Amino acid sequence: MKILVTGGMGQLGWDCREVFTGHEVLALDLPNLDITEAASVDGILSLWRPDVIVNCAAYTAVDRAETDVAKTWNVNREGPALLATRAKAYDIFLLHVSTDYVFDGARPVPEPYLESDQPHPVSVYGKSKLAGEREIRERAPRHAILRTAWLYGAHGYNFLKTILRRAVTDPRRGLRIVNDQFGTPTWSRRLAEQILAVIEADATGLFHASGEGHCSWYDFAKEFISLMKVDCEVRPCTTADYPTPTVRPANSILENANLKKAGLNRMQDWRADLGEYVQRYREALLNEVRA
């Protein structure tokens, strides 16, 4: 298959390029491909004629989104709408990556959210991503939407790299990490493998695709710092102790019910994946934060 990956320079886009072996892959990002510009999208599609589009492009700065509203909606709703329209016109399978932020997080922990649950986003980011999902469902006959959560990888920016930099550069200060928000950490490489499984099965519809099990941000951080063998104390705090512009879901636990029903679930326990991630990239991660 010929697979076009949008957002190809992001952490998930990088892993898609490495995982989609056996297929012809074109991974593009700004400025070479702008999913909000019709001329940019049409130019690539008419020239390259992919069988599949994997849309990893998104506005993901959730705090900035609260004030950068127009750009957030343009990238997260209008971009997917354009891709969906062109996917229909060119008879392309469109796989779109969405988020746990489509839910408000009010459900009691550890009860997970299922694909059948009614979304209720409470942030600009979450509302824009849900709108993007709806555009795809309405416009693209052949599509799959994968909602994921708490994504981390070897490339780009993420929570783990942020706390590692703080732990390495100022270990005496320690880390204070929120312990009353719960979710399902997801390794971007594992998600790329899951995306490939869905594509190769030609599976359509809505799927949750996040790591198995759940934890708090504090649990996640403590496990990571321990595996990295960095001498830095990790202490718990509350959401109230660490206010942010965006209301973050207290419960972001997703259950991969539809993937399991279809016999396609490739997601693993979050601790096992984190261990493999550290084993693969520990030295590279330390070198990056020390640079």
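The values are calculated or read from the model by the stated rules, or taken from the named source; none is laboratory data. Not measured: the values here are computed from a predicted model. Neighbour counts are summed over all protein chains in view; Cβ atoms, including those assigned to glycine, are modelled from backbone coordinates with ideal geometry.
Tally the residues that are among the basic types (Lys, Arg) and either crowded, with 20+ Cβ neighbours inside 10 Å or at pLDDT below 95 (or both), restricting the search to the stretch 146-164.
Number of matching residues: 1.
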(message) Considering only residues that are under 18 Å from the mean Cα position of the chain (by Cα) and assigned to a loop (DSSP other than H, G, I, E, B), which ones fall in the stretch 96-121?
(response) 103, 104, 105, 112, 114, 115, 119, 121
(request) Starting from the stretch 110-128, keep only residues that are among the hydrophobic types (A, V, I, L, M, F, W, C), then list their pairs with residues that are in a helix (DSSP H, G or I) and surrounded by 15 or more Cβ atoms within 10 Å (Cβ to Cβ) whose Cβ atoms are within a distance under 6 Å, requiring at least 6 positions of separation or different chains. (result) 114/257; 124/65; 124/72
(request) Find all pairs meeting these conditions: Cβ atoms under 6 angstrom apart; at least six residues apart or on different chains; first residue within the stretch 131-145 and more than 13 Å from residue 206 (Cα to Cα) and surrounded by fewer than 21 Cβ atoms within 10 Å (Cβ to Cβ); second residue modelled with pLDDT of 95 or more and among the hydroxyl-bearing types (Ser, Thr, Tyr). (result) 139/85
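Restrict the check to the stretch 162-178 and report whether at least one residue is part of a strand (DSSP E or B) and either on the phi > 0 side of the Ramachandran plot or small (Gly, Ala, Ser) (or both). Explain how you work it out, then say what you get.
Our first condition is that a residue be part of a strand (DSSP E or B); within the stretch 162-178, this holds for 175-178.
If we keep only those that are either on the phi > 0 side of the Ramachandran plot or small (Gly, Ala, Ser) (or both) too, we end up with none.
Checking the stretch 162-178: not a single residue is part of a strand (DSSP E or B) and either on the phi > 0 side of the Ramachandran plot or small (Gly, Ala, Ser) (or both).
Does residue 240 satisfy the criteria of being over 17 Å from the mean Cα position of the chain (by Cα), at pLDDT below 95 and part of a helix (DSSP H, G or I)?
Working: over 17 Å from the mean Cα position of the chain (by Cα): yes; at pLDDT below 95: yes; part of a helix (DSSP H, G or I): yes.
The answer is yes for residue 240.
Here is a check on your reading of the model: is residue 212 acidic (Asp, Glu), under 30 Å from residue 141 (Cα atoms), buried (at least 16 other Cβ atoms within 10 Å of the Cβ) and modelled with pLDDT of 95 or more? Spell out how you get there, then give the answer.
Numbers: acidic (Asp, Glu): yes; under 30 Å from residue 141 (Cα atoms): yes; buried (at least 16 other Cβ atoms within 10 Å of the Cβ): yes; modelled with pLDDT of 95 or more: yes.
In short, yes.
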